[in-house]
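The values are calculated or read from the model by the stated rules, or taken from the named source; none is laboratory data. Computed from a predicted model, the values in this text were never measured in an experiment. Glycine also receives a Cβ, built like all others from the backbone with ideal geometry; neighbour counts cover every protein chain displayed.
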Amino acid sequence: LAAEDIAFFGVANVGEARRIADAGVSTRIYLLGATWSEERAEIVARGWTPCISTLEEARHFDDLARANGTRLKVHLAVDTGMGRGGFVAEGLPEKLAELEALPNLEIEGLGSHLPSADEDEAFTRAQFDRYAAILASLGGPERFPWRHLANSAGLLGYDRACCNLVRPGLMLYGISPLPDPPVELRNVMSLKSRVTLVRTLPAGHGVSYGREFVTTRPTRVATIGIGYGDGYPRHVSGHGADVFIRGRRFPLLGRVTMDQIMVDVTGSEVAEGDEVEMFGPNIRVDEVAKKAGTIAWEILTGITPRVVRVYQ
């Protein structure tokens, strides 16, 4: 992404900011969430850009920047309906005057967040209007070089004339939060494992914990070296989940365990060592999420550190 001339890397916390900065990336880093007071000295020292939700935060950053001999660029967060952080609209023009009086802060951005862009179109359109009204009450777009509100759903489904910056998340994986996106996205992340064992079990044999699945016929069962300890969701158990091996789907049998799953490969040539796609171009991650009773975001971000990452 650093080669794509983006304005910022938006990160969740100081730990993510540190990893990116220590990797030598020169793209500016923007902290999307509130920061703990003990983290702020490092933010100032390394020139990262925080969002500000309270006067107390702003005064602390101003003190730290003065002690550091720098002027820190910050964005104001405004709460237009998310309820997670940011200044509320009432009284904000007066607060802005106080904020701009802090000599070691440079207020360069105004941001908010969409809670329901993929679920509630009417509320989201009203939220864009609310953001635009707040922006106007604070002096208009010329007062803020960066103006941002849209997540992936906001980027795909709404007019963003009020803003000049967007914060795609799910889209970066090639997955749309909207059922009928206006552009075609290409999947960029796959979760894979390998077949570790293939055996034939007789009729009447239980498979996995709890014996929720019992064979009704001789069944060729492949064991695959992945489980919920790797981030593959346990809650797909018993809900018709499949994996993809040798060009076709095979159904899971019984419960997903911590380190292994079992699938029915009867009638196939599946063998030990075969590559297995858990999700990717052939099995969409949102299909897996639906069968697990969750959302694609949770599956994508829940892959644990023991899973090897391969970047292409």
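Taking the conditions exactly as written (surrounded by 15 or more Cβ atoms within 10 Å (Cβ to Cβ) and farther than 20 Å from Thr196 by Cβ), does Ala289 satisfy them or not? In short, yes. The residue that is nearest to Lys73 (Cα to Cα), counting only those in the range 1-25 that are outside any helix (DSSP H, G or I) and aliphatic (A, V, I, L, M), is Ala7. A single member of Gly81, Gly10 is surrounded by 14 or more Cβ atoms within 10 Å (Cβ to Cβ), at pLDDT below 95 and closer than 29 Å to Gln127 by Cα, and it is Gly81.
For (1) in contact (Cβ under 8 Å) with a residue 60 or more places away in the chain; (2) aliphatic (A, V, I, L, M); (3) in a loop (DSSP other than H, G, I, E, B), each residue gets a yes or a no:
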position	(1), (2), (3)
His235	no, no, no
Phe244	no, no, no
Met262	no, yes, no
Arg306	yes, no, yes
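Tyr158 meets the conditions (1) touching a Ser or Thr at 6+ places or on another chain (Cβ under 8 Å); (2) at pLDDT 95 or above in every case but one. The failed one is (2).
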